[in-house]
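Quick notes on the structure that follows.
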Amino acid sequence: MEKSFIPFIKQTIASLLKAASHLVLPCCCTYCKQLLYQRTILCDACLAMIRPIVSGSIQLTTTRSIKVIALSAYKDPVRRLILAKRWSDIQAGAQLGQLIWDLTHFATIQADYIVPIPLHWSRYAKRGFNQAEQMSRVLAKKRTIPMAKIIKRVRKTKFQAGLSATERQSNVQQAFELVGGNLERYKHKHIILVDDLMTTGSTIKAAARTLLAVQPASITVVVAARVV
């Protein structure tokens, strides 16, 4: 067999397998469940529902603030994907990461490490996964940079939903600490802090303040949605 035909044959087989998989496991829109002809997360109509949102900022100290980049306001279809963690849909986190990659300027943000907001171990054990971590894995792979799990949630906090802004801030106070060896490697590096949702920003602010101890060059927050 001519070597020049090998790539063609491989491509043909791959196309046939892909077509067969669509017949056996047809793809549908994650939000409206409409059948799709190609494997995408959302159909065109649902994708068009995701509106660009202006970047925000969080004041960490009197002299330092951090930028917050969000895929969307806290509205469907992104809202539905975020809430999917409640019924153990681990794939939704990866889908949120992919949408952030596709629809924001994440690829141009200065970044050396991606740090997911952690869950307390008891909540992780109950759910079985961390949605922020699933998002981070996708984004780290896209940028070919490491995901660094260097902050740990050391207090089992209450769920933030239903708490006032003041209660939220008190709830996450001293909830995080740095973990891992050789933290010196993060000094003067650009860190992206990832979470699925930002409401008042209390959780993200507490985590970011913990990261300040490694003296990063910058911290940028990336979330799937934020309440506006």
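Amide H contacts under 5 Å for Y31: C43, restricted to partners 5 or more places along the chain or on a different chain, H placed in the peptide plane at 1.01 Å from N.
Just order 105-116, 48-59 by mean Cβ neighbour count inside 10 Å, highest at the front, would you?
Listed from highest to lowest mean packing, they are 105-116, 48-59.
Couplings 3J(HN,Hα) for segment 70-78, derived from phi with the Karplus relation 6.51 cos²θ - 1.76 cosθ + 1.60 (θ = phi - 60°), are 10, 5, 7, 5, 6, 9, 5, x, 5 Hz, where x marks Gly and Pro. For I151, the residues 5 or more places off, or on other chains, whose built amide H falls under 5 Å of its own are V179. Our coupling estimate for segment 54-60, obtained by passing each phi through the Karplus curve with A = 6.51, B = -1.76, C = 1.60 and θ = phi - 60°, is 5, 5, x, 8, 10, 8, 8 Hz, Gly and Pro reported as x. Backbone geometry of segment 37-44 corresponds, through the Karplus equation with coefficients 6.51, -1.76 and 1.60 at θ = phi - 60°, to 3J(HN,Hα) couplings of 8, 9, 7, 10, 6, 10, 6, 4 Hz, x marking Gly and Pro.
Values quoted throughout were computed directly from the atomic coordinates according to the rules given, and no laboratory measurement underlies them. Computed from a predicted model, the values in this text were never measured in an experiment. Virtual Cβ from ideal backbone geometry, glycine too; neighbours counted across all protein chains shown.
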